[in-house]
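K.L.:
Could you have a look at this structure, given as structure tokens, before my questions?
The values are calculated or read from the model by the stated rules, or taken from the named source; none is laboratory data. Keep in mind the model is a prediction, meaning the values are calculated, not measured. Reconstructed Cβ throughout: ideal geometry from the backbone, glycine too, with neighbour counts over all protein chains shown. In case anyone asks, the SASA skips ligands and DNA or RNA and just uses the protein heavy atoms, side chains included. Shrake-Rupley method; radii C 1.70, N 1.55, O 1.52, S 1.80 Å.
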Amino acid sequence: DSATPLNSTGRSYGTDVVLESTDGHFFEAQGARRPMCIRLTTSTIRVWPLHGQESGPDSTVVFLSDVVGVRSAGSSPQRRGDATWSLVVETYPHTRSSCCSKKRVRRHRRLTLHADCGQAERSRALTALWATVTQRVLAGLPAGEGAPEVTPTLDNPPPPPPKRRFLVIINPVSGPGRAAQIYARHAARVFEHAGIEVTRVVTEYAHHATDVCRELELGAYDAIVPCGGDGIVFEVLEGLMAHKDWAAAVQVPMGILPGGSGNGLAMSVLHASREVYDQTSAAFVVAKGRVTPLDIASVITPSGRHYSFLATAWGLTADLDIESERWRWMGNNRFVLGALVRIVNLRRYGGRVWYLPFDEGAPLARETDSPRVADVGAEAVPSYWEVHAA
């Protein structure tokens with residue numbers, strides 16, 4: 001029956017099993033080249049020997065939560081033989097960073113199965129079907145296409161999901177100046193395995209990232225990925241908020257690749273994703289596309305409006321950040337040295353604070369027609385404060 005050839009049949013996405021092949025057309029890539037069965041569910045890929053037990057010691061289970069990409073790969077024909085085709089699954093499961101460490105980081109593992117259907121074209125179609133359906137499941141799409149959903153088969157494969165495009169902005173002077181090397185060593189391979197099309201921009205001057213994001217073509221990229229410290233993230237945010245259609249621009253997801261001295265936002269994102277602080281793990285989180293809302297604070301000063309995603313500091317904390325710039329080569333330790341220097345040479349900071357007092361039972365400040373100020377004299381609140389009527 002041409003509608004269900006090779007027993008690679010899809011089932012309704014509402015059930016757990018999405019696709020399976022139990023007729024021995026897949027083989028081990030290494031070792032004895034045993035024929036294998038393979039089953040795709042909404043959460044796992046299970047592989048076991050054709051003449052073995054599904055849950056036996058020779059079976060392999062790959063969790064889709066660890067998978068970043070799946071592809072059909074062909075090799076050049078050997079002599080007069082046909083080209084061979086393989087199903088390649090790129091995974092990043094948790095593993096210990098070292099034998100003596102309890103830290104569990106993401107590291108690359110690859111599952112490869114050769115296909116042999118007697119004809120090279122049929123083998124190609126088989127691996128392409130499996131790769132496409134798995135990609136659709138990873139993207140949260142139905143296994144088949146249409147309404148009602150059409151069962152995917154070799155002769156009626158579904159279209160692949162749209163290819164994702166990332167704009168990666170690298171600050172080469174972030175932290176100790178290794179952001180470009182960090183991207184090349186840790187993130188580039190993850191994005192390649194995930195099949196992500198990357199456009200790289202290496203910043204050439206201060207606020208270059210702001211200029212790029214201010215003129216960003218909306219819809220051109222699925223995500224903006226700054227690589228560096230919190231400073232490059234700040235520049236990207238400033239640019240998006242200065243965009244002519246800022247309300248749409250800030251909806252473009254932003255991934256964070258830590259490569260600076262201070263990587264506060266990257267650490268927060270990893271912690272929220274239940275991942276440890278690690279560059280490869282950060283790239284994995286970005287590739288998986290886990291999106292969560294980010295609060296932004298609008299800070300108005302006499303010099304203008306700025307936007308903050310972590311904190312706004314004045315006094316000692318601000319001095320530590322600014323004055324330790326000369327020791328960037330030290331990485332995070334620059335802040336420790338800066339703190340010691342400033343503690344030995346303490347400064348006094350003089351300032352005036354305006355605030356809106358809380359009066360229980362009275363309308364909230366944002367609901368009043370004008371702000372109220374504490375009894376600090378006749379001086380009103382600063383002229384650059386904005387007051388919004390209810």
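K.L.:
What is the packing order of peptides 224-231, 86-93, 289-296, taking the mean over residues of other C-beta atoms within 10 Å and listing the highest first?
P.N.:
Values: 224-231: 26.8, 86-93: 21.4, 289-296: 11.0.
Ranked from most to least packed, the peptides come out as 224-231, 86-93, 289-296.
K.L.:
Determine the per residue accessible area of region 151-244 with all protein chains present and a 1.4 angstrom probe, expressed in square angstrom.
P.N.:
Values: 4390 Å² over 94 residues.
With the other protein chains kept in place, region 151-244 gives 47 Å² per residue.
K.L.:
With all protein chains present and a 1.4 Å probe, how do Cys117, Cys100 order by accessible area, largest first? Please list the in-between numbers first.
P.N.:
Working: Cys117 25, Cys100 125 Å².
Output order, biggest surface exposure first: Cys100, Cys117.
K.L.:
Sorted by accessible area (1.4 Å probe), largest first, how do His207, His108 line up? Intermediate results must be reported in sequence, preceding the final value.
P.N.:
Working: His207 100, His108 40 Å².
Sorted descending by solvent-accessible area, the residues read His207, His108.
K.L.:
Sorted by packing (mean other beta-carbon atoms within 10 Å per residue), highest first, where do 300-306, 279-285, 240-246 land?
P.N.:
Working: 300-306: 10.4, 279-285: 25.1, 240-246: 15.6.
Going by the mean number of other Cβ atoms within 10 Å, highest first, we get 279-285, 240-246, 300-306.
K.L.:
Quick one: length gained pulling Leu310 to Ala139 fully straight, 0.36 nm per residue minus the C-alpha distance?
P.N.:
Values: separation 171, 0.36 × 171 = 61.56 nm, distance 3.04 nm.
Value of the extension gain: 58.5 nm.
K.L.:
I want to check the label-to-label distance for Ala248 and Leu346. Put each point 7 Å from Cα in the C-beta direction and report it in nm to one decimal.
P.N.:
The answer from the label model is 5.4 nm.
K.L.:
A further question on this structure: State the Cα centre-to-centre distance between region 107-158 and region 185-210 in whole Å.
P.N.:
Value for the Cα centre distance between the two parts: 29 Å.
K.L.:
Just to confirm a number: summing +1 for Lys and Arg and -1 for Asp and Glu over residues other than Leu270 whose beta-carbon lies under 15 angstrom from that of Leu270, what do you get?
P.N.:
On the way: positive: Lys103, Arg104, Arg106, Arg274, Lys288, Arg290; negative: Asp230, Glu275, Asp278.
Once positives and negatives cancel, what remains is +3.
K.L.:
So, one more: Report the convex hull volume per residue for region 216-290, counting only C-alpha atoms, in Å³.
P.N.:
Values: hull volume 6.2 nm³, N = 75.
Measuring per residue, one finds 82 Å³ for the Cα hull of region 216-290.
K.L.:
Right, something else. With a/c under 1.5 counting as rounded, go ahead and sort region 157-258 into rounded, prolate or oblate using the C-alpha gyration tensor (a ≥ b ≥ c being the square roots of the eigenvalues; past the cut-off, prolate if a/b is larger than b/c, else oblate).
P.N.:
Values: a/c = 2.51, a/b = 1.13, b/c = 2.21.
Note, shape of region 157-258 comes out oblate.
K.L.:
Now, a different point. Arg200 to Val291: extension gain in nm, 0.36 nm per residue of separation minus the Cα-Cα distance? Working shown, then result.
P.N.:
On the way: separation 91, 0.36 × 91 = 32.76 nm, distance 2.13 nm.
Working it through step by step, the gained length comes to 30.6 nm.
K.L.:
Ser55 versus Ile300, label points 7 Å from Cα toward the beta carbon: distance in nm?
P.N.:
Label at Ser55, label at Ile300, 6.4 nm between them.
K.L.:
Work out the FRET efficiency for Val336 and Phe63 from their Cβ-Cβ distance, taking R0 = 41 Å, and round it to the nearest 0.05. Write down the numbers at each step before the final one.
P.N.:
Details: r = 40 Å, r/R0 = 0.97.
That gives a FRET efficiency of 0.55.
K.L.:
Can you tell me the order of 189-202, 334-347, 119-132, 254-267 when each peptide is scored by its average per-residue count of other Cβ atoms within 10 angstrom, highest first?
P.N.:
254-267, 119-132, 189-202, 334-347
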